[in-house]
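Beneath this line is the structure, given in structure tokens, with notes to follow.
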Amino acid sequence: MNQNIVIVGAGFAGMWSALSAARIASSQNRADITVTVIAPQPELRVRPRFYENNPETLVSPLLPLFAATGVHFVAGTVTDIDDAAHRVTYTGENGREEVLNFDKLILASGSALNRAGIAGAAEFAFDIDQAESAGRFDRHLHDLAGRESSAARNTFVVCGGGLTGIELATELPSRARAVLGENADIRVIVVERGDKIGGRFSDEMRSVITRASQALDVEWRLNSTVEAVQQDGVLLTDGTFIPALSVILTAGVNASALTARIAGEKDARGRLHVDDNLKVIGQEDIYATGDVAYAVCDEEGRHALMTCQHAIPMGKFAGNNAAAALAGIAPLPYRQPGYVTCVDLGAWGAVYTETWQQNVKSVQDEAKKIKVSITNTLIYPPEADKEKAFLQADPLAPFV
Ligand SMILES: Cc1cc2nc3c(=O)[nH]c(=O)nc-3n(C[C@H](O)[C@H](O)[C@H](O)COP(=O)(O)OP(=O)(O)OC[C@H]3O[C@@H](n4cnc5c(N)ncnc54)[C@H](O)[C@@H]3O)c2cc1C
């Protein structure tokens, strides 16, 4: 009888789960193990690049890779998971409700920006979280060229000064000038609740981010919280109103709402607690990986972050372990002690650090080369070649 591994999501974690599970099925000569990915599109959407121009083009097709490696693909959006009945319900391409049964399920449905709690955000704020919303912001930016120059047209307010906010804010001066003219009086303001620029990063790294912000004239408004977004600007809780036609939210990412369909403990961002094999604690046949998993990643008890740096190896381990359970072989505990940070800083360059202490290793052009090699090559899917893809899908193959 066939044994079905169903993977929800074709992002970094889902794609690598599929390749890794197919690798085990192939190496164990288990033609009865079927690996199926279900996602709305058969493409890897390269979210870490969505602060760039033309974000909708930053996707990579997956069907040739899946065909080469024997992975099945079903186009659909999962709407429900019945953990007891081992069944997922999804809306297929034709809009009809369908079901898929699983022996092992890997949840890899990623994360999404949460706009709740900010008045007017749903109507007037932009974001760069998904291909569609990043594309909408890109089109809006181009449309600004057709509007009369004004302080509101030329002002971009980035709400949230974390990684995504910093990358967008430092990219915006050159991106906006390319559209509105080299002499346009562009103003980019980061509204940040914390009291430090880049407060989530090491002091050494923060001083680099501060230097880059100064060089690019990116203003930081610290200790500030957004009260409401309006058609013509943003209101802060201290009563300040900043006129701006472009308000972009970057803070407040939560795990996919599908995590709520699975019984099990969750962290504050909705991520499912998993064991060392990335199996959801309390579930026998359900794994969680990537942004939906709250997983210990090293011997010091640190937890993986919601980054593709973690989602890629976590995908490989989850796929390996789901298939290993069906093939009757030992699982591989997920461990990823190494950690690097590379933040794009627009026309100024980038900053690259190593270790969890974030020791700065390179800045400006040198770091930018590393950033480009990561985002334009390293995180893309492997070639549609079974042997090469399986080599890279090995959880123990070096990554970073
Ligand atoms: C602007 C931006 C910049 C970033 N920069 C960095 C960076 O510099 N470095 C870094 O490491 N990380 C970065 N990240 C984070 C990184 O993109 C995520 O951590 C990573 O994408 C998580 O991978 P994932 O596979 O878990 O989820 P995703 O890549 O989000 O993939 C989720 C998949 O699930 C599918 N899906 C969702 N819901 C359903 C459903 N109901 N049914 C079926 N399928 C579903 C989606 O279509 C998609 O295929 C950035 C993210 C953003 C938005």
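Laid out as a table, the results:
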| quantity | calculated |
| --- | --- |
| Residue match in segment 130-153 (condition: closer than 17 Å to SER224 by Cβ and not small (Gly, Ala, Ser)) | no |
| Filter result (under 16 Å from THR341 (Cα atoms), in contact with a helix residue (DSSP H, G or I) (Cβ under 8 Å, 6 or more places away or on another chain) and either at pLDDT 95 or above or of a type in the set (Asp, Glu) (or both)) within segment 377-400 | ILE379 |
| Any chance LEU249 is at pLDDT 95 or above and more than 18 Å from VAL296 (Cβ to Cβ) | yes |
| Residues being of a type in the set (Phe, Trp, Tyr), in a strand (DSSP E or B) and farther than 18 Å from VAL247 by Cα - total across segment 87-137 | 1 |
| Per-region count, segment 274-296, residues among the polar types (S, T, N, Q) and either modelled with pLDDT under 95 or within 16 Å of LEU332 (Cα to Cα) (or both) | 2 |
| Residue match in segment 53-66 (condition: near the ligand (Cβ under 7 Å from one of its atoms) and not in a loop (DSSP other than H, G, I, E, B)) | no |
| Matching residues in segment 281-336 - criterion: being crowded, with 23+ Cβ neighbours inside 10 Å, assigned to a loop (DSSP other than H, G, I, E, B) and more than 11 Å from the ligand (Cβ to nearest atom) | ALA295, TYR334 |
| Residue in segment 60-81 that is more than 17 Å from ASN2 (Cβ to Cβ) and without any contact (Cβ under 8 Å) to a residue 12 or more places away in the chain present | no |
| Which numbered condition ALA122 misses (of (1) more than 10 Å from the ligand (Cβ to nearest atom); (2) at positive phi) | (2) |
| Residue within segment 262-276 that is within 16 Å of the ligand (Cβ to nearest atom), part of a strand (DSSP E or B), of a type in the set (Val, Ile, Thr) and within 19 Å of LEU305 (Cβ to Cβ) present | yes |
| Set SER213, SER224: member being in a loop (DSSP other than H, G, I, E, B) and over 18 Å from the mean Cα position of the chain (by Cα) | SER224 |
| Positions within segment 17-62 being crowded, with 19+ Cβ neighbours inside 10 Å, among the basic types (Lys, Arg) and farther than 17 Å from ALA389 by Cα, in sequence order | ARG45, ARG47, ARG49 |
| Filtered residues of segment 1-38 (kept if part of a strand (DSSP E or B) and touching a residue at least 60 places away in the same chain (Cβ under 8 Å)) | GLN3, ASN4, ILE5, VAL6, ILE7, VAL8, ILE33, VAL35, THR36, ILE38 |
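The values are calculated or read from the model by the stated rules, or taken from the named source; none is laboratory data. Remember, it's a predicted structure, so these values are computed and weren't measured experimentally. Ideal geometry is used to build each Cβ from the backbone, glycine not excepted, and the neighbour counts take in all protein chains shown.
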